[in-house]
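Read through the structure below, which is laid out as structure tokens, and then see the notes.
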Amino acid sequence: QVQLVESGGGSVQAGGSLRLSCAASGRTFSLYSLGWFRQAPGKEREFVATITRGGSSTYYADSVKGRFTISRDNAKNTMYLQMNSLKPEDTAVYYCAARYGWTGSTSNSEYNYWGQGTQVTVSS
């Protein structure tokens, strides 16, 4: 079992940057592919980015491609989401998720474990 805790959210002006972290418990962190999702008020949870368990491959939603970077440090049991050039439409609660296996997924139904979320607010 994996427990996930996000941190690093906050309020920022448009054009600014934030770095989210997702710390995981357990000794099997490297066996899980990971993902970031977000949910804005009144909207469904949507895919943001995913990374394979070894960290060699990543995939992004079109809306964040070129602005966000997902990474992981298996030695520290931590995943990151570097968010640059933030826009008001990036405002949401951001969740990290873990999926047992090599490849990530864009579907939230395929993830086994979720964090509690961290709020990101971008003002114009």
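Go through the residues of segment 99-116 one by one and say whether even a single one is open to solvent by 10 Å² or more (accessible area, probe 1.4 Å), more than 22 Å from R27 (Cα to Cα), part of a strand (DSSP E or B) and touching a strand residue (DSSP E or B) at 6+ places or on another chain (Cβ under 6 Å). Within segment 99-116 (the criterion being open to solvent by 10 Å² or more (accessible area, probe 1.4 Å), more than 22 Å from R27 (Cα to Cα), part of a strand (DSSP E or B) and touching a strand residue (DSSP E or B) at 6+ places or on another chain (Cβ under 6 Å)), the answer is no, since none of the residues qualifies. Of the set (1) out of contact with any strand residue (DSSP E or B) (no Cβ under 9 Å at 6 or more places or on another chain); (2) of a type outside the set (A, V, I, L, M); (3) touching a residue at least 24 places away in the same chain (Cβ under 8 Å), all apply to R53 but (1). Within segment 57-79, the set of residues being over 19 Å from S105 (Cβ atoms), in contact (Cβ under 8 Å) with a residue 24 or more places away in the chain and in a strand (DSSP E or B) comprises T78 only. The residue list L20, L86 contains one member that is crowded, with 19+ Cβ neighbours inside 10 Å and assigned to a strand (DSSP E or B), which is L20.
So that you can scan it fast, the table gives a plain yes or no per residue for (1) modelled with pLDDT of 95 or more; (2) buried (at least 22 other Cβ atoms within 10 Å of the Cβ); (3) within 22 Å of Q1 (Cβ to Cβ):
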{"position": "G26", "(1), (2), (3)": "no, no, yes"}
{"position": "V48", "(1), (2), (3)": "yes, yes, no"}
{"position": "T52", "(1), (2), (3)": "yes, no, yes"}
{"position": "G55", "(1), (2), (3)": "no, no, yes"}
{"position": "T58", "(1), (2), (3)": "yes, no, no"}
{"position": "G66", "(1), (2), (3)": "yes, no, no"}
{"position": "T69", "(1), (2), (3)": "yes, no, no"}
{"position": "T78", "(1), (2), (3)": "yes, no, yes"}
{"position": "L81", "(1), (2), (3)": "yes, yes, no"}
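In summary, E44 fulfils each of the numbered conditions (1) in a strand (DSSP E or B); (2) free of Cβ contacts under 8 Å to residues at least 60 places away in the same chain with the single exception of condition (1). Taking segment 23-40 as the range and being more than 17 Å from S71 (Cβ to Cβ) and either under 11 Å from the mean Cα position of the chain (by Cα) or without any contact (Cβ under 8 Å) to a residue 40 or more places away in the chain (or both) as the test, the residues that pass are R27, T28, R38.
The values are calculated or read from the model by the stated rules, or taken from the named source; none is laboratory data. Predicted model, so just to flag it, every value in this text is computed and none were measured. Here the Cβ is made from the backbone with ideal geometry for all residues, glycine too, and neighbour counts use every protein chain on show. Ligands, DNA and RNA are stripped out before the accessible areas are found, and what is left, the full protein with its side chains, is counted by its heavy atoms. Shrake-Rupley method; radii C 1.70, N 1.55, O 1.52, S 1.80 Å.
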